[in-house]
Amino acid sequence: MKKRSIFTKKAMLTCLLIGFLVLNGFLIGTVFAKGKPPDTKPPPKVKGVVITVVPEGNALELDWEKVRARDLDHYNIYRSTIPGFIPDLENPDATSQSHHYLDTDLTDGVTYYYRVAAVDRSNNIGEPSDEASGTPADTVAPEKVVGVEVANVPGGGQLELTWTASTASDLDHYNIYRSTIAGFIPSPSNLVASPTANNYLDTGLTDGITYYYRITALDEVPNEGPASDEASGVPGDDPPPEQVTGLTITTVPTGNTLDLGWSASAAPDLDHYNVYRSITSGFTPGPAYLIATPVTNFYT
């Protein structure tokens, strides 16, 4: 019994092929060949598939228990958007050498269903795992907006806002919040604009009033990042034009007339000139002495 048991065990591991050489009806020799039988046993079923949502969105991370098979080669990963799907074992959507896989380029908000199978070196495919699912979603908001500056604009009634551009790869736009109260909390009630660029011209303001601003960055979800530190500005006209210089007065030969000329003002927002006249030396200009408001730098 012992010898038979040993022979049976060896027979399971080795195939013996015996061939006979025959010539003209006479046996002239034999040929022997041996080898291992083909491996047709697949690896065990994959268990414990867990799917984790990647915070940045458009991806899902798959993990599962490692299969204990000495001839394990890799894992096949099957994916569908239909629950209860039957995988095509020979055509996986992806493969992995480890018991982890990051599935990228997915669509946020869509549910994906997965099954995973182990494959050995003889390409035997094990029974696919039970189905597991996940829905990718972007839950990471852009970082806090920094570098907010508020500048006055010539002509009054306006303030120009600029800030450092967000580095978020999925940036969609910015929200600008405004208030006349310092230390205000951004809310829908004080949202004034949603530009896509990192600058904004706020118009229709009242000169002399202090306006306070806070800005946030938003992605396509939209996830809204934390509000910037507060920045403020006071709209109003630029300082008045500089003193007029180069005033000359020329007597006109026909009498009763004087020609006045002066250097043109370089003020970018120049509107006109006021000409004051008096018969008293050292007078102080005022409405009582205003005689003309020409738009050119001469007057007769």
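The values are calculated or read from the model by the stated rules, or taken from the named source; none is laboratory data. Predicted model only: the values in this text are computed from it and were never measured. Virtual Cβ from ideal backbone geometry, glycine too; neighbours counted across all protein chains shown.
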Scan the range 279-290 and give yes if some residue there is part of a loop (DSSP other than H, G, I, E, B), within 14 Å of residue 241 (Cα to Cα) and not acidic (Asp, Glu), otherwise no.
-> no
Name the residues in the range 291-300 that are among the aliphatic types (A, V, I, L, M) and in a loop (DSSP other than H, G, I, E, B), would you?
-> 295
Given (1) more than 28 Å from residue 225 (Cα to Cα); (2) outside any strand (DSSP E or B); (3) hydroxyl-bearing (Ser, Thr, Tyr), where does residue 169 come up short, assuming only one miss?
-> (1)
Strands (runs of 3 or more DSSP E) contained entirely in the range 211-276, each with at least 2 residues that are loosely packed, with under 13 Cβ neighbours inside 10 Å and out of contact with any Phe, Trp or Tyr (no Cβ under 8 Å at 6 or more places or on another chain) = 248-251
For the range 236-249, does any single residue satisfy the condition of being modelled with pLDDT under 95, out of contact with any strand residue (DSSP E or B) (no Cβ under 9 Å at 6 or more places or on another chain) and of a type in the set (Asp, Glu)?
-> yes
For the range 172-204, name all the residues that are part of a loop (DSSP other than H, G, I, E, B), polar (S, T, N, Q) and under 20 Å from residue 222 (Cβ atoms).
-> 187, 194, 196, 198
Looking only at residues in the range 67-126 that are of a type in the set (Val, Ile, Thr), more than 34 Å from the chain's Cα centre (by Cα) and in a strand (DSSP E or B), which one is surrounded by the most Cβ atoms within 10 Å (Cβ to Cβ)?
-> 119
